Every structure is written in structure tokens, then in C-alpha cells.
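These notes concern the structure reproduced below.
The values are calculated or read from the model by the stated rules, or taken from the named source; none is laboratory data. Nothing here was measured: the structure is a model prediction, and the numbers come from that model. Glycine gets a Cβ as well: all are built from the backbone with ideal geometry, and neighbour counts include every protein chain shown. With ligands, DNA and RNA removed, areas are computed over all heavy atoms of the protein, side chains included. Shrake-Rupley method; radii C 1.70, N 1.55, O 1.52, S 1.80 Å.
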Amino acid sequence: MTDKKQNILIAGANGTTGKIIVELLQASDRYRPIAMVRKEAQKEAFEKDGITAVLADLEKDLSRAVTGVDKVIFAAGSKGKKVIAVDQEGAKNLTDAAKKAGVGKFVMLSSMGADNPSVSDDLKEYLKAKQNADNHLRNSGLEYSIVRPGALSDKDGTGKIQLKEKLDKQGSISRADVAKTLVEVLEDGVQQNQTFEIIAGDTPVEKAVL
């Protein structure tokens with residue numbers, strides 16, 4: 001029997017949300033996670049758990065990281081330290097590498113407010129970077145889904161969200177439910193070439209994304 005699992009590269013695999021994504025993919029019978037990390041120690045930690053990992057830096061050449069990859073989830077973030085270099089240019093760099101490698105779909109973890117960065121003075125630079133990264137992906141010709149969650153919390157996931165192209169309210173959502181949403185939209189045809197917002201809600205993720 002041939003192995004039909006799709007290889008999913010996760011940028012930001014060592015982050016809080018990234019680690020949950022890796023776990024979900026590892027437990028899936030359809031996907032195989034490839035954790036993209038920057039440090040040898042992180043790579044070894046994933047490999048110890050039986051997870052394939054690749055050393056790569058978003059600011060450098062990514063052609064090796066995307067080789068043999070079916071789809072990509074971008075869940076990396078600089079936590080405000082290198083907003084332009086990582087959140088914007090890093091995302092664009094990975095988009096270009098994925099396009100060149102013929103990747104089937106690119107799932108972008110963005111942020112609510114990225115469509116209108118002036119909504120927040122504190123986060124303006126970050127939201128602008130996310131907006132630029134999202135626009136670059138939209139214009140790349142790649143198949144994509146852009147997921148824009150509200151404020152992220154470390155609460156336990158409920159598996160339920162509220163999803164709309166544009167929610168007319170603010171709200172928060174657990175990282176676990178964001179991770180689940182990112183994994184659910186990997187499927188071809190699900191939220192294909194769509195940008196949407198999510199916060200905590202009452203609809204199971206699997207239904208909400210359809």
C-alpha cells in the first residue's frame with residue numbers, strides 16, 4: 001500500500017501555536033508534519049518525537065526547506081522583534097519559495113486588523129507587515145487560505161469558532177482553536193483563495209470552514 005500522506009511544512013513550528021499544529025498533523029492520517037526550525041537543538045527535539053524537521057531561516061534561502069513539500073502553513077512570528085524581516089519579508093520569502101517548488105496550497109496565519117492597520121497604534125507596524133505578506137500571497141498565483149484570528153489566548157481549545165470574511169466585532173480565540181482551523185483549511189477546496197476572520201464561537205471548526 002502506498003503512503004498517501006501529504007507533507008506539510010510548518011514555518012514557526014517551535015512556537016506555541018506551531019507546536020499544536022505539529023501535534024495535530026502528527027495525529028492525522030492524511031498529513032505528515034515537517035517542522036521548520038532555526039536551531040539544531042529544536043530540530044533534535046522534534047526528531048526525538050519522531051517528527052521530521054528541517055533547519056531553515058525565513059530570512060535566507062528556503063529552496064531546500066520546500067523540496068518535496070505538498071502544502072505550507074506559515075505560523076511564524078517575531079513577537080514584535082523583527083516585524084519587517086520575519087512577519088513580512090520572511091512570509092514573502094517562503095511564499096516565493098513555495099511557488100517555485102510547486103506547493104499545492106499555502107495557509108497563512110495572519111491577524112485581525114491586517115486589512116486596516118490603522119485600527120491600532122500599538123500594532124500598526126505589525127498589522128501593516130501582515131497586510132503586506134497577505135497581499136503578496138494573494139498575488140503569488142498560489143492556492144491559499146489566509147486566516148485572521150482575533151486576540152490569541154493560551155486557554156484550552158473548545159473546537160468551536162465563529163468565522164466570517166469580516167467579523168463586525170473584536171474577540172479572542174485560543175491558540176489551539178487557531179491551530180485546528182489552520183489544519184482544517186489545508187484541504188483542497190476548503191476556504192480556497194479566501195481570507196477570513198475567526199474568534200471563539202459555537203460552530204465546530206470542521207463545519208465553520210465549509
Would you tally the net charge around ALA53, using a Cβ to Cβ cut-off of less than 13 Å, leaving ALA53 out, and scoring K and R as +1, D and E as -1? +3
Charge sum, other residues only, whose C-beta stays under 11 Å from VAL107's C-beta, Lys/Arg counted +1 and Asp/Glu -1: -1
Enter the Cα centre distance for the pair the stretch 51-90 and the stretch 140-195, rounded to the nearest angstrom. 19 Å
Per residue accessible area in Å² of the chain, where ligands, DNA and RNA are left out and the probe is 1.4 Å: 49 Å²
Structure-based [θ]222 nm, the chain - -39500 (n - 2.57) summed over DSSP H runs of at least 4, per residue, nearest 500: -8500 deg cm²/dmol
What does DSSP give for the stretch 90-210 in terms of the percent of beta bridges that are antiparallel, rounded to the nearest 5? 35 percent
Hydrodynamic radius (Kirkwood) for the stretch 88-206, which is based on Cα pairs only, to one decimal in Å: 14.5 Å
For THR195, the residues 5 or more places away or on another chain with a placed amide H closer than 5 Å to its own amide H are ILE146
In the stretch 142-210, which trypsin sites (Lys or Arg not before Pro) are in a loop and have at most 13 other Cβ atoms within 10 Å, using DSSP for the loop call? LYS155, LYS166, LYS169
Which Cα, out of ILE21, ILE198, LEU142, lies furthest along the positive dipole direction of the chain (beta carbon charges, K/R +1, D/E -1)? LEU142
Quick calc, the chain, dipole around Cα centre from Cβ unit charges on Lys, Arg (+) and Asp, Glu (-), nearest 20 debye, gives 220 debye
I'd like the carbon and sulfur percentage of the solvent accessible area for the chain, probe radius 1.4 Å, heavy atoms only, ligands and nucleic acids excluded. 47 percent
How high is the relative contact order of the chain? Use alpha-carbon pairs under 8 Å, at least six apart in sequence, and give a whole percent. 18 percent
Take the residue pairs LYS60/LYS128; LYS92/LYS164; LYS43/LYS160; LYS71/LYS130; LYS48/LYS155 and return only those whose Cα atoms are more than 30 Å apart. LYS43/LYS160
Antiparallel content of DSSP bridges confined to the chain, in %, to 5: 15 percent
Hey, which aspartates and glutamates would be in cross-link range of LYS39, C-alpha to C-alpha under 18 Å, not counting anything within fewer than 8 residues on its own chain? GLU47, ASP49, ASP57, GLU59, ASP61
